[in-house]
Amino acid sequence: MKRLVVLSGSGVSAESGLQTFRDNNGLWGEYRVEDVASTEGWRRNPELMINFYNGMRRKLKDTLPNEAHKIIASLEKDFDVTVITQNIDDLHERAGSSRVIHLHGELTKARSVFNEERTYDIGYGDIKMGEKAPDGGQLRPFVVWFGESVPKLSEAAAEVENADIFLIIGTSLVVYPAAGLVTLTRGNCKIFLVDPADINISLPNLTHIKDKATSGMKKFTEAVENLK
Ligand code: APR
């Protein structure tokens with residue numbers, strides 16, 4: 001089977017009702033990144049950050065995967081699919097995708113402040129200040145904050161380097177190192193972009209399906225029909 005690698009961002013979850021970050025009503029228009037998604041912010045006010053992610057986790061509980069997530073999962077029938085996502089939601093998994101690499105962590109998991117690898121499934125429950133992991137460290141969201149490294153980057157890079165088809169969906173490609181993955185495709189890799197906006201990306205043999213994720217994914221499926 002041909003290898004299809006997907007790089008998704010918050011735009012793929014927009015039609016499920018989750019906010020993107022940099023669009024007009026995006027999350028970074030309501031909160032300062034430094035306060036809620038950085039190591040600086042954690043040092044300054046960990047409780048504010050814990051509550052920020054508790055709110056996201058509660059909202060995720062009542063959020064459903066949309067048609068785009070479902071189509072991406074259904075492509076596993078005809079392709080060897082790996083989803084690389086910048087999203088911390090679990091909507092790809094809940095739609096049925098079986099191989100998902102989360103570059104920026106997972107909202108439904110927690111970790112100790114002492115250990116970035118050991119994770120604890122917390123589902124959609126809250127983390128509380130003073131709640132400790134078995135190693136005695138304060139529990140915190142298993143999320144990669146600005147100022148932290150992206151542990152799964154090399155695993156993701158290896159997938160992109162071997163892709164026959166590379167689909168970029170719902171990301172402004174402004175955050176590195178995730179955005180740098182798009183430069184790793186082989187010469188004969190077919191690249192597709194699904195996004196209603198013009199994205200600052202110049203790649204050879206790029207097909208831009210200028211549409212939102214749900215309708216764009218239907219067009220993508222038609223476009224790759226003869227690439228199976
Ligand atoms: N369908 C498809 N794409 C959409 C839709 C939609 N319905 N709505 C918006 N988009 C597109 C926007 O045009 C934009 O290109 O989704 C993209 C969202 O971009 P950002 O808000 O920058 O989100 P993202 O690229 O995922 O951000 C990357 O930044 O703050 C960090 O860790 C955070 O993982 C996040 C990273």
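So A110 passes all but one of these: (1) within 16 Å of the ligand (Cβ to nearest atom); (2) free of Cβ contacts under 8 Å to residues at least 60 places away in the same chain; (3) out of contact with any helix residue (DSSP H, G or I) (no Cβ under 6 Å at 6 or more places or on another chain). Which condition number does it fail?
All conditions are met except number (1).
I'm told E93 meets every condition in (1) open to solvent by 10 Å² or more (accessible area, probe 1.4 Å); (2) within 20 Å of A156 (Cα to Cα); (3) within 11 Å of the ligand (Cβ to nearest atom) except one. Can you identify the failing condition by its number?
The one condition E93 does not meet is (3).
For the subset of region 26-37 comprising residues that are near the ligand (Cβ under 10 Å from one of its atoms) and part of a loop (DSSP other than H, G, I, E, B), which member is nearest to A73 (Cα to Cα)?
So the residue we want is G26.
What tally of residues in region 2-25 results from selecting those that are over 17 Å from K59 (Cβ atoms), more than 12 Å from the chain's Cα centre (by Cα) and more than 8 Å from the ligand (Cβ to nearest atom)?
5
For R140, which of the numbered conditions (1) among the basic types (K, R); (2) open to solvent by less than 40 Å² (accessible area, probe 1.4 Å); (3) free of Cβ contacts under 8 Å to residues at least 60 places away in the same chain fails to hold?
(3)
When you scan region 173-196, how many residues do you find that are open to solvent by 60 Å² or more (accessible area, probe 1.4 Å), among the β-branched types (V, I, T) and in a loop (DSSP other than H, G, I, E, B)?
Adding up the residues that qualify gives 1.
Within region 154-177, track down each residue that is out of contact with any helix residue (DSSP H, G or I) (no Cβ under 8 Å at 6 or more places or on another chain) and either more than 15 Å from T85 (Cβ to Cβ) or aliphatic (A, V, I, L, M) (or both).
Scanning region 154-177 gives S154, A158, N162, A163, V174, V175, Y176.
With respect to E161, determine if the residue is open to solvent by 80 Å² or more (accessible area, probe 1.4 Å) and more than 12 Å from the ligand (Cβ to nearest atom). Steps first, please.
Details: open to solvent by 80 Å² or more (accessible area, probe 1.4 Å): yes; more than 12 Å from the ligand (Cβ to nearest atom): yes.
So E161 fits the description; yes.
Given the condition on the phi > 0 side of the Ramachandran plot and open to solvent by 10 Å² or more (accessible area, probe 1.4 Å), answer yes or no: does some residue in region 15-29 qualify?
Looking only at region 15-29, we keep the residues that are on the phi > 0 side of the Ramachandran plot, and these are 17.
Subsequent filtering for residues that are open to solvent by 10 Å² or more (accessible area, probe 1.4 Å) retains 17.
Yes, region 15-29 contains at least one residue that is on the phi > 0 side of the Ramachandran plot and open to solvent by 10 Å² or more (accessible area, probe 1.4 Å).
Conditions (1) open to solvent by less than 70 Å² (accessible area, probe 1.4 Å); (2) not assigned by TED's automatic domain parsing to the domain that holds R57, marked per residue:
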{"residue": "N115", "(1), (2)": "yes, no"}
{"residue": "S154", "(1), (2)": "no, yes"}
{"residue": "T171", "(1), (2)": "yes, yes"}
{"residue": "A213", "(1), (2)": "yes, yes"}
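Given I101, I84, I88, which one is touching a Gly at 6+ places or on another chain (Cβ under 7 Å), at pLDDT 95 or above, aliphatic (A, V, I, L, M) and under 25 Å from L184 (Cα atoms)? Please lay out each step first, then the result.
Details: I101 fails: touching a Gly at 6+ places or on another chain (Cβ under 7 Å); I84 fails: touching a Gly at 6+ places or on another chain (Cβ under 7 Å).
That would be I88, the only listed residue that is touching a Gly at 6+ places or on another chain (Cβ under 7 Å), at pLDDT 95 or above, aliphatic (A, V, I, L, M) and under 25 Å from L184 (Cα atoms).
Identify all residues within region 71-86 that are open to solvent by 10 Å² or more (accessible area, probe 1.4 Å) and within 14 Å of the ligand (Cβ to nearest atom); write none if there are none.
I71, Q86
All but one of (1) open to solvent by 30 Å² or more (accessible area, probe 1.4 Å); (2) in the same structural domain as I84 (by TED's automatic domain parsing) hold for G130; which doesn't?
(2)
The values are calculated or read from the model by the stated rules, or taken from the named source; none is laboratory data. Treat the numbers as computed from the prediction; the structure is a model and nothing was measured. Glycine gets a Cβ as well: all are built from the backbone with ideal geometry, and neighbour counts include every protein chain shown. These area figures cover heavy atoms from the full protein model, side chains too; ligands, DNA and RNA do not enter into them. Shrake-Rupley method; radii C 1.70, N 1.55, O 1.52, S 1.80 Å.
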